[in-house]
Amino acid sequence: MRIGVLTSGGDAPGMNAAIRAVVLQAARRGVEVIGIRRGYEGLLAGEFCPLGPADVRDIIGKGGTFLKCTRSPRFRTEAGLEEAHSRLQKEGIEALVVIGGDGSFRGAARLAALGIQVVGIPGTIDNDIPGTETTIGFDTAVSVVVETIDRIKDTATSLVTAEPRVFVVEVMGRDLGAIAAYSGLASGADWTIIPEVPCDLGTMCSSIERSQYSVILVAEGAGGALAVAQEIKARVGIEPRVSILGHLQRGGVPTPADRVLATRLGVAAVDFLLTGGSGKYMGIVRGEVQAIDFPAEGVKKDTDLGLYWLAMHFASAGRPEHTLTYCLNVPA
Ligand code: ADP
């Protein structure tokens, strides 16, 4: 058997560890692996490279993906899909591992429907794939955010000024506040603003005025840091310091947790294919690796709002000037 492996969509730290696990597990099972560069675009262009254990020897700790990834509008068309199918057949690739996000999984599901054996591995910092508890890259992205907020807090808590100091940090998450909620809890940020929960800026601003410092974490999908900073300036006349973390969250050395996750999922993906499995992705359910159906179009993952509310409650606990009425619909 010949297995193809590609990384697709946005890159995420830990993708290399997943490729490595696929290659090493396949070698262990006596199966050949063909790397496909530049995701679906490279598949259409025939960018194939055989991969053996020596090729993946030193990649477990490297961020990004050495196979490169890209977005491929051509692959989305019926003609593109057909072309991809025949490319795989010509190359003798009977089974394909797709490491990517929900868009890549939609493409993978369509290839599976054409009769190619396909398995997905969730690689995205956003943790936005329905079904799995976590995705490769999320832990690394959260680590970057938490480290940044720890640093900002060092200066926030040390330098005492006549005026309150306000720091607004923007993190990724266009539709989902997963990175913000998780990082807000882990960093003890004073305020966390996510797209899923409306924020009462008026109450937040009155608390800001009464605090020596405030660190505010905002997901990009909740308006972004610049808009929040502008609003604060307009309401209380304080100029917040803005940090937009952007691509810093995407790069860097994957955390041990992401490396281990990627390895577990990569191993399971190969075994799934070798037992005839197809049309699913490997995810984590209650801590265990499981084969999960590719999400149906339009199905979105829910952020764990329990974590978000815990972050909010604990942030307010040590600060009498805080009030949890800052957000609408506060659960008890
Ligand atoms: P991610 O996988 O990170 O969510 P994208 O949404 O950009 O990233 O998807 C990556 C690639 O997957 C797209 O460039 C396209 O080639 C393919 N893709 C996305 N959606 C579909 C779809 N509905 N049908 C076929 N291919 C798709």
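All of (1) surrounded by 22 or more Cβ atoms within 10 Å (Cβ to Cβ); (2) touching a Ser or Thr at 6+ places or on another chain (Cβ under 6 Å) hold for residue 120 with one exception: (2). Residue count for the stretch 1-30, restricted to those that are touching a strand residue (DSSP E or B) at 6+ places or on another chain (Cβ under 7 Å) and open to solvent by less than 20 Å² (accessible area, probe 1.4 Å): 15. The set of residues from the stretch 234-258 being out of contact with any strand residue (DSSP E or B) (no Cβ under 9 Å at 6 or more places or on another chain) and part of a helix (DSSP H, G or I) comprises 234, 235, 247, 248, 256, 257. Among the residues of the stretch 250-271, is any of a type in the set (Val, Ile, Thr), within 23 Å of the chain's Cα centre (by Cα) and within 19 Å of residue 183 (Cα to Cα)? Yes, the stretch 250-271 contains at least one residue that is of a type in the set (Val, Ile, Thr), within 23 Å of the chain's Cα centre (by Cα) and within 19 Å of residue 183 (Cα to Cα).
Residues of the stretch 41-53 include at least one that is within 17 Å of residue 262 (Cα to Cα) and over 26 Å from the mean Cα position of the chain (by Cα). Just so you know, in the stretch 63-84 the residues that are open to solvent by 50 Å² or more (accessible area, probe 1.4 Å), in a loop (DSSP other than H, G, I, E, B) and within 16 Å of the ligand (Cβ to nearest atom) include one that is farthest from residue 255 (Cα to Cα), and it is 77.
Here the stretch 42-62 is the region considered, the condition is being out of contact with any Lys or Arg (no Cβ under 7 Å at 6 or more places or on another chain) and within 16 Å of the ligand (Cβ to nearest atom), and the residue that is nearest to residue 273 (Cα to Cα) is 42. Among the residues of the stretch 247-272, the one identified as touching a Phe, Trp or Tyr at 6+ places or on another chain (Cβ under 9 Å) and of a type in the set (D, E, K, R) is 258. Here the helices (runs of 4 or more DSSP H) wholly within the stretch 116-232 that include at least 1 residues being within 17 Å of the chain's Cα centre (by Cα) and more than 17 Å from residue 102 (Cβ to Cβ) are 138-158, 178-187.
Might you check whether a residue that is at pLDDT 95 or above and more than 9 Å from the ligand (Cβ to nearest atom) occurs anywhere in the stretch 100-110? Among the residues of the stretch 100-110, not one is at pLDDT 95 or above and more than 9 Å from the ligand (Cβ to nearest atom), which makes the answer no. Going by the conditions given, is residue 264 under 20 Å from residue 125 (Cβ atoms), buried (at least 16 other Cβ atoms within 10 Å of the Cβ) and in contact with an Asp or Glu (Cβ under 7 Å, 6 or more places away or on another chain)? When the stated conditions are applied, residue 264 does not pass them.
The values are calculated or read from the model by the stated rules, or taken from the named source; none is laboratory data. Please read these numbers as outputs of a predicted model, since none were measured by experiment. Ideal geometry is used to build each Cβ from the backbone, glycine not excepted, and the neighbour counts take in all protein chains shown. Areas reflect the complete protein model, heavy atoms only, side chains present, ligands, DNA and RNA absent. Shrake-Rupley method; radii C 1.70, N 1.55, O 1.52, S 1.80 Å.
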